[in-house]
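Quick notes on the structure that follows.
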Amino acid sequence: MQKFKKREKLWTKDFVIVSVINFLIFLAHFLLFVTIASFAVDAFGATTDLAGLVAGMFIIGALIGRVLTRLGVRTAGLDQRLATGWPGTTPSQFFGQKLAAGLLFFAFFPAMNLAGLHPFGPWPVWTWPLRPRWTSLRWRPF
């Protein structure tokens, strides 16, 4: 009599985390794809033809970047990639710097915004319900 192998679960914690991260990356890319043409028209006064060309170049550049990134990930480990792109950095330093940058972004800048300090201008996140007015490269909420 033949014994059956135990089936592994598909919906594990790691699978769900990776799926959520991939979905968020996918969402960020496609939100940029959709809005870049209208941003070029509003912010820079570009024609619709030129805005479509910019959006197309953005999409093609993103695809080429994904292919080149995947080739780099496949052929080299993290140590080799860090030695090429950021010499003298170990993986632990790299992840520590990512953590520090994330804490700075998600804790320090919102606290400055609440205190009324705007080092890069007011955050558009707080004013999304308003209709944005782009003049040159500066954000003008009113």
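The values are calculated or read from the model by the stated rules, or taken from the named source; none is laboratory data. As the structure is a prediction and not an experimental result, all values here were calculated from the model. Backbone-built Cβ (ideal geometry, glycine too); neighbour counts: all protein chains shown.
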Considering region 1-50, residues that are within 17 Å of the chain's Cα centre (by Cα) and among the small types (Gly, Ala, Ser), and then whichever is nearest to Arg66 (Cα to Cα), we arrive at Ala28
Within region 1-55, restricting to residues that are aliphatic (A, V, I, L, M) and not in a helix (DSSP H, G or I), the one that is modelled with the lowest pLDDT is Met1
If I filter region 14-47 down to residues being closer than 13 Å to Ala62 by Cα and of a type in the set (Phe, Trp, Tyr), which single residue comes out as surrounded by the most Cβ atoms within 10 Å (Cβ to Cβ)? Phe33
